[in-house]
Amino acid sequence: MRKIFIIGGGAAGMACAVRLARAGESVTVAERGPRLGRKLSATGNGQGNVTNLHQGISHYFTDDPIKAARILERYPAEETISFLQSMGGIFLPDGRGRVYPAGRQASAVTDLFRRELCGHGVAVFLEKRVERLVWTGNRFSVDGTEADAVVLAAGGKAAPEFGTDGTAYPLAQAFGHTVTPLSPALVPLRCEGPIRGLKGIRTDAELTVLRAGKSVFCGRGDVLFTDTGVSGDAVFRASSVAQEGDLLSIDLLPDVSEERLGAVCGNAREDELLCVVPNGLGRVLARLAAGDPAALCRLIKRFPLKVTGTLGFSRAQVTRGGIPLAETDECLQSNFRRGLFFAGEILNVDGECGGYNLQWAFASAAAAAEGVLSC
Ligand SMILES: Cc1cc2nc3c(=O)[nH]c(=O)nc-3n(C[C@H](O)[C@H](O)[C@H](O)COP(=O)(O)OP(=O)(O)OC[C@H]3O[C@@H](n4cnc5c(N)ncnc54)[C@H](O)[C@@H]3O)c2cc1C
């Protein structure tokens, strides 16, 4: 029986391990952290947005869109759902195609994986950080343990609290792989502007990024005010585009015209604005407008912030960049060493907010498992 070693017990590593163990392979998973799937358990605000029904390569950033698209077409969102449901549970889409476990608990998805891995006798080593991966002439040596094939699924550089700080890339570089420039993606923006008193307020808004007066991004979704700027899914999408010095113009009431709003603003008191926006937000806006209805209207339709940066890898959800997809084959096998495969965020593929990154983790894990089984 061949021995397959998986480095990283996150979404991609666990999914790959399940597929290989089901096919009868002897599988070992080494996970640097104290538990499997710690990041998976934190996804989707703890609710686990595992995929998105509205797929398409336009939702992804990569050096090799043709190969990424082929993998995502071979293992689409529907396949991810049936794979997850084959372990138990029910997964349902919301109105925007975002798929969650019916119980809306991300940690329960991790529990499904743990149960399945245990049921198939997968050897899991926790608090085991792999530091040395070498080819000995006819096999791999993973910190001294022999393996016939290795899947490197150790994640990227974002959210280091979950064990991903970028220190796994050298394991691939030792085989001649390169790493593209890395940057934080899906990340809160640091901003200057009238945000005092707004921390914690979340609202549905339309956000425009302006550069030299021209719109370079416009998107609608949640905007969450923080103590240093803004976060939320609309902001995460904007973070792919926004640069230091850009202006954000936030329409806090996108379904109401300025004309209709004008009448309401005329009646607002200086210390409150009821039933228009969330109360806490209304109070701050009314105070800023100081009794001027036109200013209040402007603040609601074009709330101004200046981008001063992002919160960096420590607060990013994903890494932009990684090992080029072009350095792998259709099953994500290394072009430089047969038997070495990649899966998940360690590769140069990242997606928009809304389940696209876990979809890549699961689809790439399936492709790598397919490759291991056929090599
Ligand atoms: C807060 C948060 C919320 C998110 N929400 C969503 C969401 O709702 N939907 C979505 O699609 N995506 C979401 N994402 C992104 C998504 O979680 C990741 O893209 C996905 O988990 C990547 O899977 P992965 O298995 O490649 O990497 P990871 O899940 O990061 O797993 C990699 C694992 O490898 C381990 N490791 C690293 N180096 C070593 C080593 N040398 N030896 C052994 N183990 C090692 C790490 O400890 C880690 O457990 C979110 C991310 C964050 C941070």
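The values are calculated or read from the model by the stated rules, or taken from the named source; none is laboratory data. Predicted model only: the values in this text are computed from it and were never measured. Note that we place each Cβ from the backbone using ideal geometry, even for glycine, and neighbour counts take in every protein chain shown. Each accessible area value is taken on the protein alone, full model and side chains, heavy atoms only, with ligands, DNA and RNA left out. Shrake-Rupley method; radii C 1.70, N 1.55, O 1.52, S 1.80 Å.
Take L189: with every protein chain present and a 1.4 Å probe, its accessible area is about 0 Å². Calculated from the alpha-carbon coordinates, the chain shows an Rg and a Dmax of 23.0, 80 Å respectively. Secondary-structure-derived ellipticity at 222 nm for the chain, considering helices only, amounts to -8500 deg cm²/dmol, per-run term -39500 (n - 2.57) for DSSP H runs with n ≥ 4.
At a temperature of 10 °C and a viscosity of 1.306 mPa s, determine how fast segment 31-151 diffuses translationally according to Stokes-Einstein, using the Kirkwood radius over alpha-carbon pairs as Rh; express D in µm²/s, rounded to the nearest whole number. Write out the running numbers ahead of the final one.
Details: Rh = 16.8 Å.
It comes out at roughly 95 µm²/s.
When both bridge partners sit in the chain, DSSP labels roughly 75% of those beta bridges antiparallel. Solvent-free Debye calculation, one equal scatterer per alpha-carbon of segment 188-310: log10 I(q)/I(0) at 0.17, 0.22 Å⁻¹ equals -0.79, -1.26. Note on E270 and T145: the model spin-label points, each 7 Å out from Cα along the C-beta direction, lie 6.9 nm apart. Length gained on full extension, R211 to R70: 47.3 nm, using 0.36 nm per residue less the C-alpha separation.
When only alpha carbons of segment 251-331 are considered, Rg and Dmax amount to 20.7, 64 Å. Solvent-accessible area per residue in segment 188-310 equals 49 Å², computed with a 1.4 angstrom probe and all protein chains kept.
Mind listing which trypsin sites (Lys or Arg not before Pro) in segment 148-229 are in a DSSP loop and have 16 or fewer other Cβ atoms within 10 Å?
Filter output for segment 148-229: R196, K199.
Mind giving me the FRET efficiency for E192 and M1? R0 is 45 Å, r the Cβ-Cβ distance, nearest 0.05 is fine.
The computed FRET efficiency comes out at 0.15.
Applying 1/(1 + (r/R0)^6) with R0 = 22 Å to the Cβ-Cβ distance of A290 and E258, what FRET efficiency is obtained, to the nearest 0.05? Computed FRET efficiency for A290 and E258 comes out at 0.70. The GNM of the chain, with springs linking C-alpha atoms under 10 angstrom apart, assigns the highest mean-square fluctuation among A286, A212, A108 to A212.
Spin-label model, A174 to E244: label points 7 Å out along the Cα-to-beta-carbon direction sit 3.6 nm apart.
Cross-link pairs exceeding 23 Å in C-alpha to C-alpha distance, out of K3/K128; K67/K128; K199/K306; K199/K301; K214/K306, comprise K67/K128. This model, with +1 at the C-beta of Lys and Arg and -1 at the C-beta of Asp and Glu, gives the chain a dipole about its Cα centre of some 440 debye. Sites listed here are trypsin sites (Lys or Arg not before Pro) in segment 18-76 whose DSSP assignment is loop and whose Cβ has at most 16 other Cβ atoms within 10 Å: R35.
Tell me, Kirkwood radius of segment 14-67 from alpha-carbon pair distances, in Å? Show your work: numbers first, answer last.
Numbers: mean 1/r = 0.0698 Å⁻¹.
Result for segment 14-67 stands at 14.3 Å.
Computed from the C-beta positions of T136 and E78, the FRET efficiency with R₀ = 45 Å rounds to 0.65. Per-residue extension of 0.36 nm, minus the Cα-Cα distance of F125 and E330, leaves a gain of 70.9 nm for this segment. Under a 5 Å amide H cut-off, with hydrogens placed 1.01 Å from N, T310 pairs with R190 among residues at least 5 apart or on other chains.
Here each label is just a point 7 Å from Cα along the line to Cβ, and for R220 and T308 those points are 3.2 nm apart. The Cα atoms of segment 107-220 cover 60, 37, 22 Å along the three principal axes, with the biggest extent listed first.
On segment 240-375, 49 percent of the accessible area sits on carbon and sulfur atoms, based on a 1.4 Å probe.
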